[in-house]
Amino acid sequence: MSLRTIQQKGRLMIVQRPGYVHDDILLLGSRSINSYLIKGEQYALLGGGVPWVVARLEAQLDEFDIDRERIRYLVISHAHHDHCGAVPYLLKKYPHLEVVCSSVCASVLNDDKQVELIKQVCRKTLDALKRPHVFDGLPLDFCAVPVAREVGDGDRIDLGGGLSLQFFETPGHSRCSLSAYVPEIAGLFPADAVPSPESDKRVLTVTANNDYGDYIRSLEKLADLPVRLVGYEHGGVLTEEDAEGIIARGLEATLEQRRRIHERYEELKDLESLIEEVTDKYRKLELFSLVPAGLLRAITGRMVKSALGRV
């Protein structure tokens with residue numbers, strides 16, 4: 001099996017166009033919202049997506065002639081709206097799918113308050129994008145998600161055909177974050193648990209939204225894995241040399257950002273001013289372009305407080 005590698009000296013190259021990034025790994029979705037089809041004898045779809053990408057996802061499955069009946073597993077990395085928003089539609093359209101996630105994620109996906117929050121964020125985004133709330137006769141509204149399998153550190157699913165999924169709980173971005181690893185090809189699918197590059201830049205965006213300490217410990221947990229492919233759920237895929245050192249570089253970037261937050265707080269002596277300053281920086285990133293302003297400030301507010309040891 002061979003990796004499709006795109007390299008350019010001095011620049012970080014990210015595969016963002018939907019298609020095969022490996023003989024048995026299909027990148028799906030849009031430039032900003034990604035999912036991955038892992039093709040063993042049975043298929044696994046990694047990433048629960050968003051309602052506004054459903055039409056594109058279905059078209060891509062048609063384009064690549066994917067037999068939906070072979071997709072057995074739907075793996076949810078964490079219970080943020082942009083990683084699970086399309087799951088209710090997918091389960092209605094393909095009821096044979098088995099949802100796989102962490103035990104904490106399973107709890108969130110069936111909590112009335114959290115379900116309603118995800119539902120409202122998705123509805124408001126569909127409205128802002130002027131997209132319909134129905135596709136192929138099925139509603140795109142979010143609702144509670146039945147979970148077939150809860151997994152944790154070291155759990156595996158054998159897909160057959162020489163491919164398997166190994167799971168690691170990687171909280172920090174979210175308390176329920178789960179990373180998937182395909183050991184046979186050294187492919188890591190961390191969603192937002194590993195800092196990601198902004199476009200082709202080598203500067204990494206740290207997303208320690210929930211807890212800085214957990215985020216760092218999660219990176220340390222992944223540090224010894226051989227990695228030749230990294231499939232983010234935002235922004236695309238890194239391969240070969242760009243993928244190999246991503247955990248070490250991500251850990252360095254995370255520690256450096258925490259240090260800068262501490263230094264800036266000592267300069268400003270004002271927590272709210274610091275939160276507003278950090279929010280402005282994140283608002284300019286493509287990764288956060290569709291996040292509602294109030295939600296983004298809440299996210300960066302918790303991140304800053306966590307970096308300062310205040311949560």
### Message
If a paramagnetic tag sat 7 Å from the Cα of Glu220 along the Cα-Cβ line, which residues of the range 247-279 would have the backbone N under 13 Å from that point?
### Response
251-252, 255
### Computed E for Glu69/Leu129 - FRET, C-beta separation, R0 22 angstrom, nearest 0.05
0.10
### Query
Given +1 on the Cβ of Lys and Arg, -1 on the Cβ of Asp and Glu, and no further charges, what dipole in debye does the chain carry about its Cα centre, rounded to the nearest 20?
740 debye
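Quickly rank 283-290, 185-192 as a protection proxy: mean count of other C-beta atoms within 10 Å, highest first.
Those peptides, ordered most packed to least, come out 185-192, 283-290.
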### Query
Hey, what did the chain get for relative contact order, percent, Cα under 8 Å, at least 6 apart?
16 percent
### Of Ser218, Leu140, Ser174, farthest towards positive along the dipole that unit charges on Lys, Arg, Asp, Glu beta carbons give the range 104-236
Leu140
### Ratio Rg/Rh, restricted to the chain and using Cα atoms, in which Rh is the Kirkwood radius
0.95
### Task
Quote the FRET efficiency, to the nearest 0.05, computed for Asp136 versus Ala248 with a Förster distance R0 of 30 Å and r equal to the Cβ-Cβ distance.
0.10
### Task
Give, rounded to the nearest 20 debye, the magnitude of the charge dipole that the range 253-307 has about its Cα centre when Lys and Arg contribute +1 at Cβ and Asp and Glu contribute -1 at Cβ.
200 debye
### Free-standing Cys residues across the chain, given no other cysteine C-beta under 4.7 angstrom
Cys84, Cys122, Cys143
### Query
What does the convex hull of the alpha-carbon atoms of the range 258-311 project to on average, in nm²?
3.6 nm²
### Protection proxy ranking of 242-251, 258-267 - average other beta-carbon atoms within 10 Å, highest first
242-251, 258-267
### Task
Extending each Cα 7 Å along its Cβ direction at Lys113 and His96, get the distance between those two points in nm, one decimal.
3.9 nm
## Note on the structure
With T = 37 °C, eta = 0.692 mPa s and Kirkwood Rh from C-alpha pairs, the Stokes-Einstein D of the range 156-275 in µm²/s is about 218 µm²/s
### Query
Mind ordering 139-151, 41-53 by average Cβ neighbours within 10 Å, highest first?
41-53, 139-151
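Only Cα pairs under 8 Å and at least 6 apart count here; give the relative contact order of the range 236-311 as a rounded whole percent.
31 percent
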### Message
Just want the ordering: Lys269, Lys92, from fewest to most Cβ atoms lying within 10 Å of their own Cβ.
### Response
Lys269, Lys92
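Every number in this text was worked out from the coordinates using simple rules, so none of it is lab data. Please read all numbers here as calculations on a predicted model, not as lab measurements. Cβ coordinates were reconstructed from backbone atoms using ideal geometry, including for glycine residues, and neighbour counts include every protein chain displayed.
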